[in-house]
Structure formats: structure tokens, C-alpha cells
Amino acid sequence: MNTVLYQEIIRYNRLLEVMASSLVLVQRAVKGLIVMSDELENLANSLHDNLVPLMWAEKGHLSLKSLASWIIDLNQRIEFLNNWITKGTPLTFWISGFYFPQAFIAGTLQNYAR
């Protein structure tokens, strides 16, 4: 199960890194400090329209939610993983909260088989 947790953390950390760096870049582009590329313009437009930016959706979990709901869901997913790290293995798991639930199911089956 630790392997599943580790893989989930890696995936969410990659997403958070993309989010943080792209937000800094779009802020700098809006201020005129750097050139506004097509990618940054699409990001800014998505943020304005309450849509999940494509560069985030490519790294993030599958969802059809609006940006605001997607962020709330992302925070809940990260909180779930953080609680798993700090408080130990939970008694119940939020399967749809995993980035890759198939890995969790495979890990559970392996633990049961042992």
C-alpha cells in the first residue's frame, strides 16, 4: 500500500508543480514582464471562464467539473493523502479520490493474497 501512496504523491506533486509554475508565469505575462505565449493566454482565458486549463487537465485527474469545483476536489484529494501520511493507513479509502484507482485495487488484492 505504501507503493500506491508513493505513486499517488508523485502524480499530485507533478500536477501541483505545473499549477504553481504556470500561475507565476501567467501573472508575469499579465504584468508585461514576459511575453504572453499562446499557452499562457489559453491558461488565462480558462481561469477567467472557470474552466480547468488544458495544461492542468493533462497532468491532473479526469474530471468534467468547473475550475472552482475541480480545485475543491483537488484539495480534498490532497488532504486525504496527507491524512494517510500523517495519521497512518485509513480504515476506509476514497477510491474515486485516487489519481489511478486501478493501482490501489491491485495493491489491495496483493495484500489480501499475502
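Just wondering, is there one or more residues in region 62-76 that are touching a helix residue (DSSP H, G or I) at 6+ places or on another chain (Cβ under 7 Å), of a type in the set (Gly, Ala, Ser) and in contact (Cβ under 8 Å) with a residue 24 or more places away in the chain? For region 62-76, residues touching a helix residue (DSSP H, G or I) at 6+ places or on another chain (Cβ under 7 Å), of a type in the set (Gly, Ala, Ser) and in contact (Cβ under 8 Å) with a residue 24 or more places away in the chain: absent.
Residues in region 60-99 that are of a type in the set (Gly, Ala, Ser) and part of a helix (DSSP H, G or I): 68, 69, 96, 97. Could you pull out the residue among 37, 21, 46 that is among the hydroxyl-bearing types (Ser, Thr, Tyr) and in contact with a Pro (Cβ under 6 Å, 6 or more places away or on another chain)? Residue meeting the stated conditions: 46. Restricting the first member to region 33-46 and to residues that are surrounded by 14 or more Cβ atoms within 10 Å (Cβ to Cβ), and the second to residues that are part of a loop (DSSP other than H, G, I, E, B), the beta-carbon pairs closer than 6 Å and six or more apart or on different chains are 43/53; 46/53.
When you check residue 42 against the structure, is it farther than 21 Å from residue 11 by Cβ and not aliphatic (A, V, I, L, M), yes or no? Against the criterion (farther than 21 Å from residue 11 by Cβ and not aliphatic (A, V, I, L, M)), residue 42 qualifies. Within region 82-100, the set of residues being within 30 Å of residue 39 (Cα to Cα) and either surrounded by 13 or more Cβ atoms within 10 Å (Cβ to Cβ) or in contact (Cβ under 8 Å) with a residue 60 or more places away in the chain (or both) comprises 97, 98, 99, 100.
Where a number appears in this text, it was derived from the coordinates with a stated rule and is not lab data. No experiment lies behind these values; they were computed from the predicted model shown. Because the Cβ atoms are built from the backbone with ideal geometry, glycine has one as well, and the counts that use them run over all protein chains shown.
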